[in-house]
Structure formats: C-alpha cells, structure tokens
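> I am attaching a structure below and will ask some questions about it afterwards.
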C-alpha cells in the first residue's frame, strides 16, 4: 500500500513537470533544430523554410496551450461551483430530512391526541381517566422514560393531593407509598402558585429552585416538565413528568404538554363532576351516608357473594332512642344536628373496609358488615353503641347525650333473602327497645 501511494505521487509530479517543461523544450528546439540543419546541409533556403514551419507550429502550439489552460481554468471554476451547489443541496436535503422527521413526530403525537380524545369520551370513572392520561403522557411526552405524576386539587382546603403516578423502574402505576409519599414539592408548589407551565433541564442548576431543593426524594430528579390543569379560571390539578437524567425534555415537549393538559384538565373535571353527581344520587344530603336504594343494591350483591363463597356478613339496624323528644324539645333543626353527629360517629368507628353505611329512613341507620359473622357484629355494635352514648351534643347551648338501640342479623345464619334479613334485624331492634333501650339484640 505504501509503495503504491509513493508511485502514484511520483507519477503526478512527473506529469506536472512535463506540463510545465514541454513548452520550453519546444521553443528551445525552435532554435536548435534550424541551427543543426543549417550546419549539416549548408542551405539558407532550407533554414528559412524550417524556421518558417517552426514559427507557424510554435504559434499553433501556443494557441492550443492557451486554450487548454483557459478550458482548465473554466473547468476548475465550474467544478468548484458544482461542488458548492452539491454541498448546498446536501445541506437542504439534511434540513428537509430533519424537518420531515420532526413533522412526522408531531403528526404522530397529534394523531395520538385525537385518538386519546375519542377514548376519554368513553371514560367516566376518575381512576380510569387518570390512568389513561398518565399512560399517554408517559409514552407521548416522556418517551416511555422517567415518571408521570398526577396531583389533584382539594377544593375545600385549596391544596395539592397526590392522586396517581405511572412509570419508574417497574413502569406500572405507583401507589401513595412510593412517589406520592413525599407529597407536592417546591416545583409543584411553584406551579400551583403561578399557574404556568414549567420546564427545568437541570434541577441542580436552575436559579429559581437551586436554593430550595432540599428535600430527599426517593427518586433523583435531573429534569422535569410540568403544567397546571386549568378549567376556565380554576386549577384542578398538576400533570408532571420527570426523569433522572438532565435535558430529557424540550421546549417542543412543553408546547405539546400545554395542549395535552387542556384536554386532560377538561376530562378530569368531567369525571370528578360525574362521580360527584353519582355520589349525590346515592347519598343522603344531611348525613353523607348512602341512601336506602343503594344499600339494597349492595345487600343483594352481598347475598349472592355469600351464596357463592359461603363467607358470612351481618346487618346492624340502628334506631335513635326517643328521637321525637329531641325534636319536640329543641326543634327539627336540632334533630338534624343529632342525625349528623351520629352519622359521623358511625363513619369514624365502623370498619373502613367492607362496611356500607346507610340512612335507612327517619332516625334509623343500617350498616352492612362484609365478612363479619354474628360474634364480630355484636362486638362492633357494642362499640358503636358506647361511642354514640359518650358523644356530647350541644343543642341550643345545652349539652346532651343520645342513645341508640341496635338489632343484628347475619347471613346465611338468619336468612338468605334481603327482606328476611331486614325483618329479623327490625325484630331484634324492637326487642332491644323493649329491654330498656340503649342496647343490642341478636337473638
């Protein structure tokens, strides 16, 4: 390889030398050949003839060399121009390819956004809507890396509450014990206060938060992009994407997130409104407990489950003792206060899992205890009865106490039909009243 390279270089140098020396050798021969011929033949005519021929030949060669040099010069200029045009075209091709790639990505994103709109129309549950928004934000904006986090605003307290997240190591929906355990941080508080989108390429170097980032996050944050979810003039939440690496998000991601957030905010607000409306349809406005109609639906479902699995459940029917006396003495508004306070005690003291609390009618309440047999139901009933009796209620500046009587029935021990179980609970309730009130009865 080295010999071939040096051989080619030598050939190039010889060619250049020949191109430069040849004209001079030709003109030198213009003088040498006539002299040689004149010495050899001693003829002036021959010398003149040869000189004349050489003169014309020299002129012809000079003209040809001049034209060749000019053509070579023009060719080099044309070659440089063509090279420049090729470079410009290559640059344009590269630019167009980048633009095509970017436009293709935008088209893909906005096409997915259109499909997301169609899917969100079909979602009414807040959990389903949030899951869909998080997964799409994770894939379309975060490019399936880092984490997507959703905070919702508690309208009563006007504070951010963690709702759900998606991504991380397992790329699944996180729980409150993981990402949400730390709650909102300085970035979320800043967005909640200013209600504008936020892009941070490096959390350690951003002058707005460098001095404030003092919390110890379970997941290191290198960069993040976040936006408020606004409906009208109300902020309903914050959608945030974060990654451990720096510069994971761009300004184009922020622009797309702003469009995405408008759709997400409206969908979440509609889902919250739907759930609130649904809640109002099945709950009592005074006590906040479920209405009788919804309780009956839950009771029938519990009976079917008990028949299939054999797992027992119990019913507590609760009635306020001498409720009419409170109404007559303190007025109907005071009666409403009593109902509300007892409902709060029931919600606080009943098991949080598997308990359905309902206002059965008037001053009666009913509780369904899933997976609780007769013995367990009696313990819970006694606990509730004592807590209610200890509750201090102020009616027209007068401290008073109320008591309740409780009847207990258990499925399948006392029956396998809803009407049968309710009838037995009612019978035991009135037995408790006949025994002097402020007691429980189960047999």
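> At 7 Å along Cα-to-Cβ for each site, give me the label-to-label distance between residue 71 and residue 252 in nm.
5.1
> Turning to a different aspect of this structure: With a ≥ b ≥ c the root eigenvalues of the C-alpha gyration tensor of the range 292-441, is it rounded (a/c under 1.5), prolate (a/b larger than b/c) or oblate?
On the way: a/c = 2.07, a/b = 1.97, b/c = 1.05.
Prolate is the answer for the range 292-441, as a/c is 1.5 or above and a/b outweighs b/c.
> Only bridges with both residues in the range 292-441 count here: give the DSSP antiparallel percent, nearest 5.
Numbers: 24 of 26 bridges.
The antiparallel fraction comes to roughly 90 percent.
> If I model a spin label as a point 7 Å beyond the Cα along the Cα-Cβ vector, how far apart are those points for residue 427 and residue 345 in nm?
2.8
> Measuring from a point 7 Å past the Cα of residue 390 along Cα-to-C-beta, which residues in the range 342-361 have an amide N at less than 14 Å?
Residues passing the 14 Å test: 345-346, 348-350.
> Now for a separate question. With a 10 Å radius around each residue's Cβ, average the other Cβ atoms per peptide and rank 258-264, 61-67, highest first. Could you put the intermediate results ahead of the total?
Values: 258-264: 18.1, 61-67: 11.9.
Result, highest mean first: 258-264, 61-67.
Quick note: the coordinates plus some simple rules give every number you see, no bench work behind them. In this text, all values refer to a predicted model and were calculated from it rather than measured experimentally. Heads up, the Cβs are rebuilt from the backbone with ideal geometry, glycines too, and the neighbour counts pull from every protein chain shown.
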